[in-house]
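K.L.:
There's a structure below that I have some questions on.
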Amino acid sequence: MSVNQTMWIVDAFTSQPFRGNAAAICVLDAFPADEKMQLVALQNQLSETAYLVKTAPRRYSLRWFTPEAEVNLCGHATLAATHMLVQSGEVQKGDVVTYDTLSGALKAKVLEKGVELDFPTLPGTPVKPPAALNALGVDIVACEKNHDNYLVEVKDFETLIECKPNFKKLVKMDLQGVIVTAAKDAPGFDFASRYFCPILGINEDPVTGSAHCFLAPYWAKKLSKNAFHALQASKGYGILDVKLAGERTLITGNCVTTLKTPSPFIKTKVSSC
């Protein structure tokens, strides 16, 4: 099947199948109706389904959908999309792919091993934790917010792992999601994090590249460094290398293809039982 006839399932920010964060990738000749893309994302029940339309050599329009809504930035599905383009022969090692998105033009560089994403840095400002964050059930050391998310620091890695949010209460927060993070005792990493976004139909996202656009400037201030080996400590267990470069955040990771299946956008006869 050609790349436009296939939906790929790719695990991002991992070198092991069925770890990291899975994304579905569809390459299209043109974007269908938003309702159709949302229905396919709902059916997939993955954190993200990404849709690409080629506009020029090594340039694509890219959109991301959770099971509940379209989002303006997604790291793991962009990483997965670039991996898919390499695996299908559309791009080669050393190439830089440009994606036109709701967050502007984003670049992905194909490395000898892995892919480096060039994303906007999304710093926050300190705030008093809103009442909805009591649903996290942890003592909050510090809290910041940016346009989309809250960031909550907890005292250590054990507290991070033991965090068990009340999602029925957490869904009432006024932003898209909340990043919970700790540096103390993170095993072999500069910091670790988890990301909760029930409002988007994802109680816990396994690995969230875009969250590190907020985490990088936060921990740069705390740790007095700009390069980080980071862990997203979900059950998916994602590993990211992150570098703060002023207004840009560079995020590097690996991917594994786990499934290729006919695209849901191929016209076929519908059968029922």
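K.L.:
In the chain, what % of DSSP beta bridges are antiparallel (nearest 5)?
P.N.:
Rounded to the nearest five, the antiparallel share is 80 percent.
K.L.:
With the full set of protein chains in place, find how many percent of the accessible area of the stretch 143-220 is carbon and sulfur; take the probe as 1.4 Å.
P.N.:
50 percent
K.L.:
Another one. Among DSSP beta bridges whose residues both lie in the stretch 140-273, state the antiparallel percentage, nearest 5.
P.N.:
75 percent
K.L.:
Measuring from label point to label point, each 7 Å out along Cα→Cβ, what is the V127 to N72 span in nm?
P.N.:
Computed distance between label sites V127 and N72 equals 1.4 nm.
K.L.:
Relative contact order of the stretch 198-273, please, whole-number percent, based on alpha carbon pairs below 8 angstrom and at least 6 residues apart.
P.N.:
Relative contact order, the stretch 198-273: 23 percent.
K.L.:
Could you work out the relative contact order of the chain? I mean the mean sequence separation of Cα pairs under 8 Å and 6+ apart, divided by the number of residues, in percent.
P.N.:
Reported relative contact order: 22 percent.
K.L.:
Still on this structure: Starting from the Kirkwood radius over alpha-carbon pairs of the stretch 177-232, derive D by Stokes-Einstein at 10 °C in a medium of 1.306 mPa s and give it in µm² s⁻¹.
P.N.:
Answer from the Stokes-Einstein relation: 136 µm²/s.
K.L.:
While we're looking at this one, here's another question. For the stretch 106-185, compute the number of Lys pairs whose alpha carbons are separated by less than 28 Å, excluding pairs fewer than 8 positions apart on the same chain.
P.N.:
Eligible lysine pairs with Cα atoms under 28 Å apart amount to 22.
K.L.:
Quick one: compute a quarter of the convex hull surface over the Cα atoms of the stretch 160-264 and quote it in nm².
P.N.:
Its average projected convex-hull area is 8.7 nm².
K.L.:
Given contacts defined as C-alpha pairs under 8 Å and at least six residues apart, what's the relative contact order of the stretch 1-144, whole-number percent?
P.N.:
Relative CO of the stretch 1-144 lands at 16 percent.
K.L.:
Please list, in chain and number order, the residues 5+ apart from A142 or on another chain whose amide H is under 5 Å from its amide H, with Hs placed from the backbone.
P.N.:
Long-range HN contacts for A142: E153.
K.L.:
List, in order, the whole-Hz ³J(HN,Hα) value for each residue of the stretch 45-55 obtained from phi through the Karplus relation with A = 6.51, B = -1.76, C = 1.60 and θ = phi - 60°; use x for Gly and Pro.
P.N.:
6, 10, 4, 9, 10, 10, 10, 10, 10, 6, 10
K.L.:
Sticking with this one: With volume of the Cα convex hull per residue in Å³ as the read-out, I listed (1) 188; (2) 133; (3) 118; which label goes with the value calculated from this structure?
P.N.:
(2)
K.L.:
Which of F18, F119, F65 ends up with the largest GNM mean-square fluctuation for the chain, with Cα atoms connected below 10 Å?
P.N.:
Top of the fluctuation ranking is F18.
K.L.:
Rank W64, T249, V138 by how far each Cα sits towards the positive end of the charge dipole of the chain (+1 on Lys, Arg Cβ; -1 on Asp, Glu Cβ) and give me just the farthest.
P.N.:
W64
K.L.:
Magnitude of the Cβ-charge dipole of the stretch 1-66, K/R +1 and D/E -1, about the Cα centre, nearest 20 debye?
P.N.:
Result for the stretch 1-66 is approximately 240 debye, rounded to the nearest 20.
K.L.:
What does the highest-first list of 97-107, 239-249 look like by mean Cβ count within 10 Å?
P.N.:
Highest-to-lowest ranking by the protection proxy: 239-249, 97-107.
K.L.:
Hey, what's the stretch 1-82 come to in accessible area per residue, 1.4 Å probe, Å²?
P.N.:
On a per-residue basis, 39 Å².
K.L.:
Starting from the exponent 0.38 and prefactor 2.2 Å, build the expected Rg for the stretch 36-134 from its residue count and divide its actual Cα Rg by it.
P.N.:
Normalised Rg, Cα atoms only: 1.24.
K.L.:
Which of the helices in the chain meet the span-like rule: DSSP H, Cα axial reach of 20 Å or more, Kyte-Doolittle mean at least 0.0?
P.N.:
none
K.L.:
For a quick check: with amide H placed at 1.01 Å from N, whose amide H comes under 5 Å from A186's, ignoring anything fewer than 5 positions away on the same chain?
P.N.:
F157
K.L.:
Further question on the same structure: If we restrict to alpha carbons, what Rg and Dmax does the stretch 90-140 come to, in Å?
P.N.:
Radius of gyration, then largest Cα-Cα span, for the stretch 90-140: 18.3, 49 Å.
The values are calculated or read from the model by the stated rules, or taken from the named source; none is laboratory data. This structure is a prediction, so every number in the text was calculated from the model and none was measured. So basically every Cβ, Gly included, is an ideal-geometry build from the backbone, and we count neighbours across all protein chains shown. The protein model used for the area step is the full one, side chains on, heavy atoms only, and it has no ligands, DNA or RNA in it. Shrake-Rupley method; radii C 1.70, N 1.55, O 1.52, S 1.80 Å.
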